[in-house]
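Following: one structure in structure tokens, then a few remarks.
The values are calculated or read from the model by the stated rules, or taken from the named source; none is laboratory data. Since we're looking at a predicted model, the values are computed, not measured. Please note: Cβ atoms are built from the backbone with ideal geometry, for glycine as well, and neighbour counts cover all protein chains shown. For accessibility, only protein heavy atoms count, side chains too; no ligands or nucleic acids. Shrake-Rupley method; radii C 1.70, N 1.55, O 1.52, S 1.80 Å.
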Amino acid sequence: MFRYVVILLGLLLLSSCVTRMSAVTNGKSYLGPVISSGEGDYEKELVEKATLYEENRFSEDERVKLLSEVYQALVAAGEEICSAVNAYQHGCGWFVFRLSETEEVNAYPWGVSGLTVNRRILPYIMNKDEMAYMLAHQIGHILTGHVDANGPARLGPTTPLGSILSTAFCGISCLGRDLYGFGKRQRLEAHSEGWKTQFTETQEREADYIAVYLMEEAGYNVMKGRKFLLNLSALSKKSLKDNNDQVKYLTIHSFKPVHLTHIKAAQKETEAKKQSGEPLLPNVSTDRKSN
């Protein structure tokens with residue numbers, strides 16, 4: 001019995017150590033191609049003219065089925081991309097995915113590996129490409145550790161009881177394949193999905209850049225997918241006009257027309273790589289600007 005107590009204490013110490021490690025990307029940056037100041041004029045016009053789509057004609061069951069199918073396709077196709085971007089190098093299979101009944105029109109990452117989609121956002125997604133963009137963008141935030149980098153996760157230190165329970169449920173097999181991530185996951189309950197961070201423009205650019213690669217690898221149309229942002233932009237304008245606080249997506253995700261331009265530039269980059277036979281992996285950037 002004493003031996004097991006010693007082993008458990010050792011595991012707790014290890015988990016405490018890894019929670020103090022740096023962000024999951026180890027200082028890497030994924031900003032994508034640099035664009036010139038005049039490249040975004042067309043996208044500005046698109047946003048200005050964006051009109052709110054009617055809710056899609058899918059049934060609730062069809063919406064959830066589409067969500068599940070696209071999510072699974074992105075995870076399956078993006079294994080190499082997820083491993084390349086994320087320091088854990090365990091592919092895309094370690095996310096905590098949840099569908100929420102909340103009425104707020106939103107989707108967001110939380111904690112270290114959490115991804116929540118509110119059911120109320122699904123009526124405004126017109127097709128599989130828009131669904132793919134919405135999900136791939138959130139995955140991009142997770143892979144680059146944006147929520148953890150923004151700080152509040154560190155306000156929830158691991159408690160001894162929480163560590164013991166997590167160890168019991170996780171098991172030795174979980175520790176063996178993801179010791180680095182184990183300690184960070186202790187904070188997921190304290191840093192729950194009820195808390196949402198507002199992302200910077202640089203973080204949005206990184207999430208979009210990785211999203212484009214995930215979509216391309218999974219066979220989705222990036223240019224059709226980015227129309228989702230136009231839908232949400234128009235919906236957000238209407239929400240502000242009606243003094244309705246249900247739409248949080250663009251507030252949390254700091255959307256600007258230039259994001260559409262970055263998406264287009266990233267898509268051109270992936271096409272060039274396909275034609276040249278290069279691996280379809282995001283480029284590590286040293287440019288920290290959010291132009």
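Worth a mention:
- Entries of LYS49/LYS274; LYS28/LYS49; LYS128/LYS248; LYS28/LYS241; LYS238/LYS268; LYS248/LYS274 with Cα pairs more than 29 Å apart: LYS49/LYS274; LYS28/LYS49; LYS28/LYS241; LYS238/LYS268; LYS248/LYS274
- Positive minus negative residues near SER68 (Lys, Arg vs Asp, Glu; Cβ under 15 Å): +1
- Residue order for LYS49, LYS241 - accessible surface, 1.4 angstrom probe, largest first: LYS241, LYS49
- Radius 12 Å from Cβ of ASP245, net charge of other residues (Lys, Arg +1; Asp, Glu -1): -2
- To the nearest 10, the accessible area of SER236 is 20 Å² with a 1.4 Å probe.
- Among residues other than VAL105 with Cβ under 9 Å from its Cβ, the summed charge is 0 (Lys and Arg +1, Asp and Glu -1).
- Taking amide H atoms as placed 1.01 Å from N in the peptide plane, the amide H of VAL105 lies under 5 Å from those of VAL247, LYS248, each 5 or more residues away in sequence or on another chain.
- Ligands, DNA and RNA aside, LYS273 has an accessible area near 10 Å² when probed at 1.4 Å.
- With all protein chains in place and ligands, DNA and RNA left out, the 1.4 Å accessible area ranks ARG119, ARG57, ARG98, ARG226 as ARG57, ARG98, ARG119, ARG226, largest first.
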